[in-house]
Amino acid sequence: MTRAARQVGAVVAALVVLAVLWETYKALGPANGASLDTTRLLPRTDDRAMPHLWTVLTTLGSPEVSGVAGSRTVGAAVLFGALNSLRLALLGLLLGAVVGGVLALLMQRLRLLEAGLLPWVVLSQTVPIIALAPLVAGWGGVLRVGSWAWSPEASVVVISAFLSFSPIAVGLLRGLHAPGATEQELFASCAASWRQELVHLRLPAAVPFLLPALRLAAAGAVVGAIVAEISTGTRGGIGRLIIEYAQQATSSPARVYAAVLGAAVLGLVAAGLVALLDAAVLRRGRLA
Amino acid sequence: MSPPSAKAMVEVSGVTQRFGTTTALSDVSLTIASGEFVTLIGPSGCGKSTLLRLVADLLTPTEGTVHVAGKTARAAREAQDYGIAFQQAGLLEWRTVLRNVELPLELHGVGARERRARAEELLEVVGLADVADKRPSQLSGGMQQRVAIARALAAKPALLLMDEPFGALDEMTRERLQDELLSIRAREGTTVLLVTHSVSEAAYLSDRVVVMSPRPGRIAAVVDVDLPLRATGTPTDVRESPEFFAATTVVREALRAPARVASP
Ligand SMILES: Nc1ncnc2c1ncn2[C@@H]1O[C@H](COP(=O)(O)OP(=O)(O)O)[C@@H](O)[C@H]1O
Ligand SMILES: [Mg+2]
């Protein structure tokens, strides 16, 4: 079995296990859950709290606004929202990769900068996005360049980039430092310029470090995009849809789970895109 | 300070090298004539690699001067007057064997066709033409080291610097590579400065063996080696000749009692 097939198999197996756990608990768990005083220990299992998985799947085909002709289905709304969030997350990942890449190059070039900057790059990831989101939206809202004005989507992209630049910067920097003394002296002996050393030695040596970093960054970008949509109230994405459907939980409890399912698929698609890139790089490396 | 002489390939004069409080080399002077094969031998930590790195301009001496091919060491490095091979082959895993050999030429802007032709020629010389398209990790240690030597020779350097290039290899491979090195050197007319800790390797390869002593590193003795069978005999003849045994004995004694031998 190939590596890719094994990975896909693992994802499918995980989904099946999750589905089985869900339905088993729903069947066997107490209908009203279990509480200790006011603290809920086990969730309720009635259809409102935990709809059957097939109810979640069939709700995808139901119209979003019932009784209105031509209303789009819940599934279409989820798909549209997920694609929109994916677009923002990929833009964020791209921005994060550029920022992280430039930071790594600067830190590699200037030792002093590495000592001063690296701790902040790592620490930046401990800032909660919930706290960051209103700040970005607030500061960004003031910006206006020519005819282009800051949009809520720009806030989402920036927050998404904030969660993805750090793994890239740290991973790439480690990779740039990977070549040993022998390789560095070899390049020095050939009077190679910094640029030549970068292109022919440090960047190729960094590729194996960059791919796992990209995987982390992609996950960060997706989480960042969804949480940023929720906390800035940006419309059009899956994050906002989760909030909207959660408010409809009394009338259609399955909807919020459909939206969560969309978010999960979104994460899988992002991971899949990185895996494809990974495979392409590996194949090129073998042929070059 | 005397100007660098025209015939000298390497001229080290009055060089002292300090790393913080350690003095790795103290007032070392050494001249290597064009076409000569010189080895540096001495106990670990006596400054052999340091001296080689100074010649390669990978280090700048604390005191003294280093000239290579009639230029400052720096100018010689920039002109690719020397090629260097280390104990570790240091091959780039993402390049094929052929493209590893091409690297020094590529860094100096030599056109693709020309550098390819030169690399193919060199792989032929070191007997690795059939693995040109392999990855370095697919090769044995001895083969990797041969690729590193081919790479060091790529830019047709007048001087070949080697830091224990056969140190990690088994005895059989080591002897075969020593013979290959001698024939390459005869063919390319390269001056060689080689660091080793093997007495027999030093005696077998060199025209002159420079024996060093530690703390602080200095030259304890210089032993001239003359093996007449090199021109006429087989490698085995040379290795079994009385002159070879005599040379190893002199080198070994110089190593044992460095203090008693006057610095030349
Ligand atoms: N870059 C360096 N920094 C500090 N000390 C060094 C450095 N390079 C070599 N030394 C010291 O200089 C001495 C000579 O080292 P070296 O030339 O590598 O010896 P050898 O090659 O003969 O074993 C040793 O004591 C070593 O620890
Ligand atoms: Mg050494």
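The values are calculated or read from the model by the stated rules, or taken from the named source; none is laboratory data. Fair warning: this is a prediction, and the values are worked out from it, not measured in the lab. Backbone-built Cβ (ideal geometry, glycine too); neighbour counts: all protein chains shown.
Points to keep in mind about this one:
- Of the residues making up the range B:155-168, those that are within 16 Å of ligand 2 (Cβ to nearest atom) and either over 25 Å from B:ALA231 (Cβ atoms) or within 14 Å of another protein chain (Cβ to nearest Cβ) (or both) are B:LEU161, B:MET162, B:ASP163, B:GLU164, B:PRO165, B:GLY167, B:ALA168.
- Filter pass, A:SER189 being crowded, with 19+ Cβ neighbours inside 10 Å, touching a residue at least 24 places away in the same chain (Cβ under 8 Å) and either closer than 21 Å to A:GLY272 by Cβ or assigned by TED's automatic domain parsing to the domain that holds A:ALA270 (or both): no
Residue-by-condition table, conditions (1) among the polar types (S, T, N, Q); (2) out of contact with any strand residue (DSSP E or B) (no Cβ under 8 Å at 6 or more places or on another chain); (3) not assigned by TED's automatic domain parsing to the domain that holds A:ALA221:
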site	(1), (2), (3)
A:ALA27	no, yes, yes
A:GLY33	no, no, yes
A:LEU36	no, yes, yes
A:THR45	yes, yes, yes
A:VAL56	no, yes, yes
A:VAL68	no, yes, yes
A:LEU88	no, yes, no
A:ARG109	no, yes, no
A:GLU114	no, yes, no
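- Which listed residue, of A:GLN125, A:GLN108, is closer than 30 Å to A:LEU198 by Cβ and surrounded by fewer than 17 Cβ atoms within 10 Å (Cβ to Cβ): A:GLN125
- Every residue from the range B:226-258 that is closer than 30 Å to B:SER26 by Cβ and assigned to a helix (DSSP H, G or I): B:ALA247, B:THR248, B:THR249, B:VAL250, B:VAL251, B:ARG252, B:GLU253, B:ALA254, B:LEU255, B:ARG256, B:PRO258
- Unique match (being more than 16 Å from ligand 1 (Cβ to nearest atom), within 18 Å of B:GLY217 (Cα to Cα), of a type outside the set (Asp, Glu) and more than 10 Å from chain A (Cβ to nearest Cβ)) among B:THR60, B:THR50, B:THR65: B:THR65
- Entirely in the range B:119-225, the strands (runs of 3 or more DSSP E) that have 2 or more residues that are more than 16 Å from ligand 1 (Cβ to nearest atom) and either more than 30 Å from B:ALA257 (Cβ to Cβ) or not assigned by TED's automatic domain parsing to the domain that holds B:ASN100 (or both): B:159-163, B:191-196, B:218-224
Results for (1) at pLDDT 90 or above; (2) within 27 Å of B:LEU54 (Cα to Cα), shown as yes or no for each residue.
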{"position": "B:GLU102", "(1), (2)": "yes, yes"}
{"position": "B:VAL125", "(1), (2)": "no, no"}
{"position": "B:PRO136", "(1), (2)": "yes, no"}
{"position": "B:LYS156", "(1), (2)": "no, yes"}
{"position": "B:GLU175", "(1), (2)": "no, no"}
{"position": "B:GLU180", "(1), (2)": "no, yes"}
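- Residues located in the range A:144-198, provided they are within 14 Å of chain B (Cβ to nearest Cβ) and of a type in the set (Asp, Glu): A:GLU183, A:GLU185, A:GLU197
- When residues of the range B:28-47 are limited to those that are within 12 Å of ligand 1 (Cβ to nearest atom) and in a strand (DSSP E or B), the one nearest to B:ALA186 (Cα to Cα): B:LEU40
- Only one of B:THR23, B:THR39 that is touching a helix residue (DSSP H, G or I) at 6+ places or on another chain (Cβ under 6 Å), of a type outside the set (A, V, I, L, M, F, W, C) and in the same structural domain as B:VAL223 (by TED's automatic domain parsing): B:THR39
- Selection from the range B:29-61 of residues that are surrounded by fewer than 22 Cβ atoms within 10 Å (Cβ to Cβ), within 13 Å of ligand 2 (Cβ to nearest atom) and over 15 Å from the mean Cα position of the chain (by Cα): B:PRO43, B:SER44, B:GLY45, B:LEU59
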